[in-house]
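The values are calculated or read from the model by the stated rules, or taken from the named source; none is laboratory data. Small disclaimer: the values here were computed from a predicted structure and weren't measured. Heads up, the Cβs are rebuilt from the backbone with ideal geometry, glycines too, and the neighbour counts pull from every protein chain shown.
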Amino acid sequence: MDYNINFPHLHIFLKSVGKTIEINNFAIAYYGIVIVCGMLAGIALACFIAKKTGQNPDDYYDLAIYAIVFSVIGARLYYVAFRWDLYKNNPLEILNIRNGGLGIYGGVIVAMITTFVFAKVKKLSFPLLCDTAGLGLILGQAIGRWGNFFNREAFGGYTNNLFAMQLPINAVRSSDLTQKMLDNTVTVNDVVYVQVHPTFLYESVWNLCLLVLLLLFFKHKKFDGQVFTLYLLGYGVGRFWIESLRTDQLIIPVINYPISMALAATLSVVAILINIYMMWIRPSRKNKEA
C-alpha cells in the first residue's frame with residue numbers, strides 16, 4: 001500500500017504518512033493520538049477560561065472525565081447506527097475505533113446531556129458550563145479533525161482547487177470513492193491517486209476561526225449560554241457546507257438525506273431562536289410585567 005499524501009497546487013508532497021506508530025511492537029494509531037491531544041487541549045482551555053472567569057477549574061476536570069467517556073461512546077454509536085452496513089457482518093469491529101468512525105454530533109449531543117446531569121448534581125449553572133466547556137470542545141474538534149488526515153477518511157469529492165489533496169486510491173475505502181473521482185485519477189510514479197477536497201482541513205480551520213471569535217466575544221455575552229449557542233450556530237453553518245462536499249455522509253433512512261446536514265441546520269435555527277428569545281422577547285416580557 002502507498003502512504004503518500006500530496007497537495008500538488010500547494011507544492012506539498014508528504015511521503016510515507018503512516019497510520020500508526022510502533023512502540024515495543026505495539027501499534028498506536030495516530031488517529032487516537034490526535035484525538036487524545038485534542039481532548040487534553042480542550043480541557044486545558046476550559047480550565048483556563050474557568051479560572052479567568054472566577055469559576056472552579058476542578059469542576060471542569062471532573063466534568064471532562066464523564067463527558068469524554070460518554071461522548072466517545074455516543075460518537076461511536078452515532079456513527080455505527082448510520083453505517084451499520086460496515087459492521088453488521090463483524091459486530092466486534094464496533095469496538096475498534098483506531099481506524100476511525102466517530103460521529104461528532106453524537107459526541108456533542110451526549111456531552112450536552114452529560115453536562116446537564118453534572119450541573120444538576122453539582123448544583124452549577126448549566127448554561128455557564130456550556131459556555132466554558134464549549135470553547136474547549138471546539139478546540140478539541142479543530143485538533144481532532146487531523147485524525148481523519150492520518151486515516152485518509154472524511155474527505156470530499158473531486159476538486160482541482162488550490163487545496164486539492166491527492167490520496168493513493170489503494171489507501172482509501174472503496175465505498176468513499178465516487179465515479180467523478182475515478183474519472184479524474186492522477187498517476188504519479190506509477191501510483192494512482194484520487195484528488196479530493198481536504199474537508200478535515202476546511203473544518204479544522206473553520207473551527208479555529210470560530211474559536212477566536214468566541215474567545216473575543218466571551219466578555220461581551222449578554223446571557224449565560226450565549227457563547228455556546230453561537231458555537232452551535234457557527235459550527236452548524238460551517239458543517240452544513242463542509243458536509244455537503246463529503247462522500248462518506250451518514251444518511252437518514254427513508255428520506256435519504258445526510259444526518260449531519262439536517263442536524264447542522266436544526267441546531268443553527270435553534271441557536272438563532274434562543275438568542276432572539278433571550279435578547280428581545282424575554283426582556284420585553286419582563287418590562288411589561290414590571
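Some notes on this structure:
- Conditions (1) under 29 Å from Ile251 (Cβ atoms); (2) touching a Pro at 6+ places or on another chain (Cβ under 9 Å); number of the one not met by Arg83: (2)
- Qualifying positions in segment 124-137 - surrounded by fewer than 21 Cβ atoms within 10 Å (Cβ to Cβ) and in a helix (DSSP H, G or I): Phe126, Pro127, Leu128
- One residue stands out in segment 255-269 among those that are among the aliphatic types (A, V, I, L, M) and surrounded by 14 or more Cβ atoms within 10 Å (Cβ to Cβ): the one that is farthest from Gly238 (Cα to Cα), namely Ile259.
- Residues satisfying the stated conditions in segment 70-85, i.e. among the hydrophobic types (A, V, I, L, M, F, W, C) and more than 25 Å from Met39 (Cβ to Cβ): Trp84
- Taken across segment 23-35, residues that are surrounded by 15 or more Cβ atoms within 10 Å (Cβ to Cβ) and not in a helix (DSSP H, G or I) do occur, with at least one present.
- Residue pairs meeting the criteria (Cβ under 7 Å; at least 6 apart or on separate chains; first more than 14 Å from Met279 (Cβ to Cβ), in segment 216-229; second assigned to a helix (DSSP H, G or I) and β-branched (Val, Ile, Thr)): Phe218/Val227
- Scanning segment 253-266 for residues that are closer than 20 Å to Leu77 by Cα and part of a helix (DSSP H, G or I) turns up Ile259, Ser260, Met261, Ala262, Leu263, Ala264.
- Close Cβ contacts (under 6 Å, 6 or more residues apart or on different chains) running from residues in segment 250-271 that are at pLDDT 90 or above to residues that are charged (D, E, K, R) and in a helix (DSSP H, G or I) comprise Pro258/Glu243; Ser260/Glu243; Met261/Glu243; Ala264/Arg239.
- For the residues Ile274, Ile281, the requirement of being farther than 23 Å from Phe200 by Cβ, out of contact with any helix residue (DSSP H, G or I) (no Cβ under 8 Å at 6 or more places or on another chain) and hydrophobic (A, V, I, L, M, F, W, C) singles out Ile281.
- Pick from segment 164-191, criterion surrounded by 15 or more Cβ atoms within 10 Å (Cβ to Cβ) and in contact with a helix residue (DSSP H, G or I) (Cβ under 7 Å, 6 or more places away or on another chain), ranking: nearest to Val205 (Cα to Cα): Ala164
- Test: residue in segment 80-95 that is crowded, with 19+ Cβ neighbours inside 10 Å, part of a helix (DSSP H, G or I) and in contact with a Phe, Trp or Tyr (Cβ under 8 Å, 6 or more places away or on another chain): yes
- Annotation for segment 67-79: at least one member residue is at negative phi, surrounded by fewer than 18 Cβ atoms within 10 Å (Cβ to Cβ), in a helix (DSSP H, G or I) and modelled with pLDDT under 90.
- Residue list for segment 130-177, filter: over 30 Å from Tyr61 (Cβ atoms) and β-branched (Val, Ile, Thr): Thr159, Ile169, Val172
- Among (1) part of a helix (DSSP H, G or I); (2) over 20 Å from the mean Cα position of the chain (by Cα); (3) of a type in the set (D, E, K, R) - the single one Lys222 does not satisfy: (1)
- Condition broken by Ala27, with the remaining ones in (1) aliphatic (A, V, I, L, M); (2) at pLDDT below 90; (3) within 20 Å of the chain's Cα centre (by Cα) satisfied: (3)
- Any hit, segment 189-198, residues being over 30 Å from Asp2 (Cβ atoms), in contact (Cβ under 8 Å) with a residue 40 or more places away in the chain and over 22 Å from the mean Cα position of the chain (by Cα): no
- Against the criterion of being touching a strand residue (DSSP E or B) at 6+ places or on another chain (Cβ under 9 Å) and of a type in the set (Gly, Ala, Ser), Ala41 does not qualify.
- Which numbered condition Phe48 misses (of (1) in contact (Cβ under 8 Å) with a residue 40 or more places away in the chain; (2) surrounded by 15 or more Cβ atoms within 10 Å (Cβ to Cβ)): (1)
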